[in-house]
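*Asks:* The structure is given below, and queries will be raised subsequently.
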Amino acid sequence: MFRLFLYALCLLPLSIHAQKDYSGVYYLGGLNKVTPAKPYGRIQVLQLADQRAFVRLYYMNGLQSSNSAAFSEVIQLDQGRLVYTTKEDPSCTVILTFTDTALVVTQSSTAFSFACGFGRNVAVDGIYQKGKESAIAPIRIGQHRLSLQWIDAASIGSATIRPSVKGGGFPIQGRQVLSGYLNKDSLSIKGIIYPLSDKELVFDGTIVSQTTMVNGGQPCIRKGVFTFKSTQGRKYWRLQQMQNCEGGMVVDYIDIFF
């Protein structure tokens, strides 16, 4: 019996295939710069946990009118293939198929002129060659200030970004608590950060905010993939999915400082 057990252990690695990482930046025809009168396409892919991928596509047809296409979506990965659909055009399907060195994109739609919600007569089909640069930008490892605007600035929070894990993401965990009071005002964040650039982050995880002033004092739980951006020269990344669970015009300004 023990011999059979050892034999099974030896066979185990043969039956488990390492998950291929498709993260990267892909360019239409390998052209990584905008050139007059030539189509330009760029697709940035971040492979996430649970067979998901964050995909950002930008395409410009190169004509004088410069009609374009763009989307940023989290898409399920199925055997090296991603399928993008949109409510703007229910007939639209954009299939992205990975090869060893490229991303083959095919678009289909029965819409006449603005297929897939893209610009007029724009189709993003083509072979996008993988570029040399990483899809993930650098970020400072260590402690960063963390804040929610409902909590007094004197009670600034802290989040720790740790070194990259397999797959290129950076684990982050942090908390802010309003001190000196008997309420439950707090903010917590836990997950993985994928920097798209020095100005934008993709976050995959859980954010919980709670304050007596909104949502009836109940926690607002955000779970999934979100983006943080730094705009107008600000020295922090702000969560872009700002609406509080209370709804309406109530928003949370959740900031991670440089």
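The values are calculated or read from the model by the stated rules, or taken from the named source; none is laboratory data. If you're wondering where the values come from, they're calculated on a predicted model, not measured in any experiment. Keep in mind that these areas ignore ligands, DNA and RNA; they rest on the heavy atoms of the full protein, side chains included. Shrake-Rupley method; radii C 1.70, N 1.55, O 1.52, S 1.80 Å.
*Asks:* I'd like the accessible area for residue 245: 1.4 Å probe, protein heavy atoms, all chains in place, Å² to the nearest 10.
*Replies:* 70 Å²
*Asks:* With the calculation restricted to Cα positions, what are the radius of gyration and Dmax of the chain in angstrom?
*Replies:* Every Cα atom of the chain included, Rg and Dmax give 21.9, 74 Å.
*Asks:* How big is the Kirkwood radius of segment 97-190, worked out from every pair of different alpha carbons and given in Å to one decimal?
*Replies:* For segment 97-190, inverting the mean 1/r across all distinct Cα pairs yields 18.0 Å.
*Asks:* How much accessible surface area, in Å² rounded to 10, belongs to the heavy atoms of residue 71 with a 1.4 Å probe?
*Replies:* Solvent-accessible area, nearest 10 Å²: 10 Å².
*Asks:* Follow-up question, since we're still on this one. Given a 1.4 Å probe and heavy atoms of the protein chains only, how would you sort 162, 234, 52, 81, largest accessible area at the top? Present the calculation step by step, with values, prior to reporting the outcome.
*Replies:* Details: 162 140, 234 80, 52 45, 81 105 Å².
Result of the area sort, largest leading: 162, 81, 234, 52.
*Asks:* A further question on this structure: With a 1.4 Å probe and all protein chains kept in place, how much accessible area does residue 213 have, in Å² rounded to the nearest 10?
*Replies:* The accessible area of residue 213 comes to roughly 120 Å².
*Asks:* Take 237, 150 and sort them by solvent-accessible surface of the protein heavy atoms, 1.4 Å probe, largest at the top. Write down the numbers at each step before the final one.
*Replies:* Numbers: 237 15, 150 70 Å².
Highest to lowest solvent-accessible surface, that is 150, 237.
*Asks:* For the cross-link pairs 38/235; 38/190; 20/199, which exceed 32 Å when the distance is taken from alpha carbon to alpha carbon?
*Replies:* Details: 38/235 36 Å; 38/190 43 Å; 20/199 28 Å.
In this structure, 38/235; 38/190 lie more than 32 Å apart at Cα.
*Asks:* Just how far, in whole angstrom, is segment 185-258 from segment 36-55 if you go by their alpha carbon centroids?
*Replies:* 24 Å
*Asks:* If you rank 199, 223 by how much accessible surface each has, with a 1.4 Å probe, what is the order from largest down?
*Replies:* On the way: 199 90, 223 155 Å².
If we order 199, 223 from most to least accessible, we get 223, 199.
*Asks:* Moving on. For the chain, what is the mean residue ellipticity at 222 nm derived from helices alone (per DSSP H run of n ≥ 4: -39500 (n - 2.57); sum divided by total residues; nearest 500 deg cm²/dmol)?
*Replies:* Rounded to the nearest 500, it is -1500 deg cm²/dmol.
*Asks:* Of all the accessible heavy-atom surface of segment 146-220, with the other protein chains kept in place and a 1.4 Å probe, what percent is carbon and sulfur?
*Replies:* 55 percent
*Asks:* Decide, for segment 27-141, between rounded, prolate and oblate: order the square roots of the alpha carbon gyration tensor eigenvalues as a ≥ b ≥ c, take rounded if a/c falls under 1.5, and otherwise choose prolate if a/b is larger than b/c, else oblate.
*Replies:* oblate
*Asks:* Turning to a different aspect of this structure: With the convex hull built on the Cα atoms of segment 153-258, state its orientation-averaged projected area in nm². Show your work: numbers first, answer last.
*Replies:* Working: hull surface 28.7 nm².
In nm², the orientation-averaged hull projection of segment 153-258 is 7.2.
*Asks:* Give me the 1.4 Å probe accessible area per residue for the chain, excluding ligands and nucleic acids, in Å². Walk me through the numbers on the way to the answer.
*Replies:* On the way: 14550 Å² over 258 residues.
Accessible area per residue: 56 Å².
*Asks:* Restricting to Cα pairs below 8 Å that are 6+ residues apart, what does the relative contact order work out to for the chain? Please round to a whole percent.
*Replies:* 12 percent
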